[in-house]
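Some notes on the structure that comes next.
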Amino acid sequence: MEEQRVTDRAHWGFLAFFAGLAGYHLFTLVFTAVTADRFAEVDITDPPVLGPLLLLFFLPNALLGLGPVVVSRLRGQGPERDFGIVPRVHDLKVGLLCGGLSLLAAWVLGVLLLHVEQDTGRPLGTVEALSGGRSVWLALAALFVLLGAPLAEELLTRGALWNALEHYKVPRIAILALTALIFAFLHEESWRTVSLFVQGLAIGAARMVTGRVSASVVAHAANNLLPAVYLYLGAS
């Protein structure tokens, strides 16, 4: 009943969704324009150590979740009431189960497609070069992959977009598929689209079962555990 009341008020869901996307693309555009000339003459065989800059590569992803949070505070009842971002015990259990299923699906598809790969969507070599190997900056980047990215992406897709689609009475199975598709395309990794879509279905199942974004955040974090560990331990 509580979830139904929230979705009845979620007429602002599409606004929140597009606000998150706008923040992501606007920052990416500005960051690219500002830094393009600075790295034009960098020797890729001996790159500088720019640890703080490493976090800027992940900031656009964080902005995906900022739009839903701001619009929820301005037009809704706040992120916890609108999305349910504080996990409960049931959310943890369902989220871990769905996260495990997501990892299993990715592994099976990787084997079938002869392309077993779990990465963060950014070249590891670039991350290593900027951070100077294993460092506090790389640890923070790995922590963002584990927790920050799941929270931001889930607020956008399984939070704002999901609530908006429910508000307009779209069937839940269709919402699950649509949000998984958006989730896959957000990563802009064509070689992983099928895998990301199936993983999105598993992660979204946690949201569908519990009615709370916190469950899908837990599932997403469980799914990102191996990439986060690989990101940090893979650095020289």
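Across segment 179-194, the qualifying residues are those that are touching a residue at least 24 places away in the same chain (Cβ under 8 Å) and in contact with a Phe, Trp or Tyr (Cβ under 6 Å, 6 or more places away or on another chain), and the one among them that is surrounded by the most Cβ atoms within 10 Å (Cβ to Cβ) is THR179. Checking each residue in segment 71-109 for being of a type in the set (Val, Ile, Thr) and surrounded by fewer than 16 Cβ atoms within 10 Å (Cβ to Cβ) picks out VAL86, VAL89, VAL108. The helices (runs of 4 or more DSSP H) found wholly in segment 1-86 and carrying at least 2 residues that are at pLDDT 90 or above and not β-branched (Val, Ile, Thr) occupy 13-35, 59-75, 79-83. Of everything in segment 122-149 that is of a type in the set (D, E, K, R) and modelled with pLDDT under 55, the residue that is nearest to GLY65 (Cα to Cα) is ARG122. Answer with yes or no whether THR157 is under 17 Å from ASN61 (Cβ atoms), of a type in the set (S, T, N, Q) and modelled with pLDDT under 85. Considered against the rule, which asks whether it is under 17 Å from ASN61 (Cβ atoms), of a type in the set (S, T, N, Q) and modelled with pLDDT under 85, THR157 comes out as no.
The values are calculated or read from the model by the stated rules, or taken from the named source; none is laboratory data. All values reported here derive from a predicted model rather than from experimental measurement. Positions of Cβ are generated from backbone atoms using ideal geometry, with glycine treated the same way; all protein chains shown enter the neighbour counts.
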